[in-house]
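The values are calculated or read from the model by the stated rules, or taken from the named source; none is laboratory data. Source: prediction; values computed, not measured. Neighbour counts run over all protein chains shown; Cβ positions are idealised from the backbone, glycine included. Note: areas computed on protein heavy atoms with side chains; ligands, DNA, RNA excluded. Shrake-Rupley method; radii C 1.70, N 1.55, O 1.52, S 1.80 Å.
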Amino acid sequence: MATLLPSIRETYFGVKALLQTVAEDNAELTSLQARLNADPGIPVSNPTTSFWLKNTPFLDLVDKRSKTLPKYADIVIIGSGITGTSVARTILSECASMGINRRVVMLEARQTCSGATGRNGGHIKCTPHESFCEYKDRFGVERARALVDFQTSHLPILVDLAKQESWDLAEARQVETLDVFYDEEVWLDNKRKVEEFRKGMPEGTRDTFVWEKGEAHEKYNLGGHAYGAITYQAGAIWPCRLVTCALDSLLRTYPSDFTLETHTSVENISTTRNPNQPFIVHTSRGDILACHIIHATNAHTARLVPGLRGKLFPVRGTMTAQRPGKSFPKLDGSRSWCLINKKGYEYVTQRPGQVDSIDGLGGEIMIGGGMIQSGRKGFGEFGVASDAETNYLTGCHLGGVLPMGFGLENWGEDAPGGRMKNMWSGSLGLTADMMPFVGRLEPSLTGRTPVKANLSKDAVGPVTLPAEWISAGYNGEGMVNAWLCGVALGLMVLGREDISAAKTSGRPHGKLDEWFPKEYICSQARVTNASVYELLETR
Ligand SMILES: Cc1cc2nc3c(=O)[nH]c(=O)nc-3n(C[C@H](O)[C@H](O)[C@H](O)COP(=O)(O)OP(=O)(O)OC[C@H]3O[C@@H](n4cnc5c(N)ncnc54)[C@H](O)[C@@H]3O)c2cc1C
């Protein structure tokens, strides 16, 4: 008896703990489902303060708006992030080149570019070997190559755009990036993926190198916990400065065709019986009649497009700006990193310049991630649409990971002023099939059917039937998707997909289907098939 009781007790408590986990998991799943299917609402009015937005050179753009809201627009763009801006630039410049005018009004719920584009990591990186293998399994080798090509083309396009337009403030640059591995299994798996990538897309791997532990430590000042590193080319940028440079230029170039209306949230959309202005956009400042509506609202899209609830949803991410330790190498913004663990990772860039005073700008390490450390297996942040708070556990992790990742000896003493300069959060837009949604929105998704218009053969300029459109859901990789998705959407709205265009700043050459992935096109069928359960199982 004396030995049996403890063993029964152990079994009993074991079973009890197991039942509790199952019950907790069930409760967790029910709560997760409810969050993902919920209306994400309008962006909150009290967001955390992002380093990027705090240091803006365009003070007159921050709260820019007209005295009275325009009553009519050919095209209403909802959202002033990188997507909305790219769509606006494409439409306005295409129309100018055709000698026609289209009135474009951009509506923004808060300050200019205050959503994800003003709060992200600014890392222009798509981890091509990983993406290639994932896409190859899903779509076959040829499409994997096309998808990786599309994403990697953002780096030269964005760097060239900033250079051509003299937007130096955006700090758009190429960097040498390192994927550093702190888990042996993940390290071995990634080396295998590099091999697969080399076989399937050799031209994409010319600058990809694999560094085993010893050589990686010596060449790249890594901490003792790292198993090795994979290096290749990526980029970094001050994202909201690229956007504000572009918006400033659009407002000056097209003063009578383009207006930006901040602090104007779209609360609802309804339809009229007028075929030329079939939509009424109901905003916090009054109504606007519109012919086309572009949803460039990222994580909040399902607010106005109810058919996307549970298919495109917000996930809260946390970002920080930190002062490098005294021994950290002075790299002048030329390198970036992903610190990759068993599950989850941190993405890290460093701004050009050096920290020369407590309040001075330069050399900040911009690090985000730590989602898996946020508690509740990382899913606690799924379905959270508010950027008014940061996650406590993620904050603890991001605050401590740098000296550990790079090694205490390579980090040295903390800089005067301390390590942490800023911490903030932002909403990522995730899709249930992990691919962006781009294109015309079917009425079954919006719940609104515009009255049929008759397209006039004599119409001047491009003609497409009035519609609602979307470009959103970049799954945390907006810097390698959003700009060209915006260009593609602008061309679709104008019915210019089949025009073979020359390469210009911010845009590739050729017809749309020569460079834009068909897998991104939004359709009711794709939305119906996209399953969040697959996402939960594979991540
Ligand atoms: C913390 C964090 C870190 C990230 N790091 C990276 C990174 O390093 N690299 C990378 O590639 N990607 C990163 N991303 C993802 C990237 O930032 C986004 O994919 C990209 O910025 C999306 O741009 P957007 O213009 O579509 O959306 P946003 O920039 O979010 O713009 C949408 C705008 O719409 C407005 N809006 C929403 N609803 C309404 C409404 N009803 N009425 C009016 N206005 C409305 C919002 O206020 C917002 O300004 C990160 C995202 C986050 C949140």
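Couple of notes before you dig in:
- Sum of -39500 (n - 2.57) over DSSP H runs of 4+, divided by residues of the chain (222 nm, nearest 500): -10500 deg cm²/dmol
- In the chain, a dipole from Cβ-located charges (positive for Lys and Arg, negative for Asp and Glu) runs towards its positive end, and of Phe51, Ile367, Thr464 it is Thr464 whose Cα lies farthest in that direction.
- Selected from Thr127, Pro40, Pro324, residue furthest toward positive end of dipole (the chain; charges at beta carbon): Pro40
- Using Cβ point charges alone (K and R +1, D and E -1), the dipole size of the chain about the Cα centre works out to roughly 1060 debye.
- Vicinal HN-Hα couplings computed from phi for segment 296-303 (Karplus, 6.51 cos²θ - 1.76 cosθ + 1.60; Hz; Gly/Pro x): 10, 10, 6, 5, 9, 4, 5, 4
- Residues whose amide H comes within less than 5 Å of that of Ala501, counting only those at least five positions distant or on another chain, are Gly510, Lys511 (H built at 1.01 Å from N in the peptide plane).
- Accessible area per residue for the chain, computed on protein heavy atoms with a 1.4 Å probe, is 42 Å².
- Available extension along the chain between Met404 and Tyr533 is 43.0 nm, counting 0.36 nm per residue and deducting the alpha carbon span.
- Cβ distances below 4.7 Å define possible disulfide partners, and in the chain the cysteines left without one are Cys95, Cys126, Cys133, Cys245, Cys291, Cys338, Cys396, Cys485, Cys522.
- Estimated inter-spin distance, Ser386 and Glu413, nm [label 7 Å along Cα→Cβ]: 4.1
- Projecting the Cα atoms of Thr262, Leu484, Ala236 onto the dipole axis of the chain, where Lys and Arg carry +1 and Asp and Glu carry -1 at the beta carbon, places Thr262 farthest toward the positive end.
- Between segment 25-62 and segment 509-532, the alpha-carbon centres lie 26 Å apart.
- Estimated inter-spin distance, Val44 and Arg252, nm [label 7 Å along Cα→Cβ]: 3.7
- Legend: residue pairs Lys67/Lys311; Lys136/Lys343; Lys163/Lys193; Lys377/Lys518, Cα-Cα distance threshold 26 Å; pairs beyond threshold, Lys67/Lys311; Lys163/Lys193; Lys377/Lys518.
- FRET efficiency for Lys163 and Ser31, using Cβ-Cβ distance with R0 set to 41 Å, rounded to 0.05: 0.30
- Efficiency of FRET between Asn276 and Arg65 - r from beta-carbon atoms, R0 25 angstrom, step 0.05: 0.45
- Simple spin-label estimate for Ala501 and Lys377 in nanometres, 7 Å along Cα-Cβ: 4.5
- Kyte-Doolittle mean at least -1.0 and Cα axial length at least 30 Å: DSSP H helices in the chain: 4-37
- Within the accessible area of the chain (1.4 Å probe), percent carbon and sulfur: 53
- Distance between the C-alpha centres of segment 157-183 and segment 470-487: 16 Å, rounded to the whole angstrom.
- Net length gained if the chain between Lys219 and Val451 were fully extended (0.36 nm per residue, minus Cα distance): 77.1 nm
- Charge dipole (debye, nearest 20) of segment 366-456; +1 at Cβ of Lys and Arg, -1 at Cβ of Asp and Glu: 480
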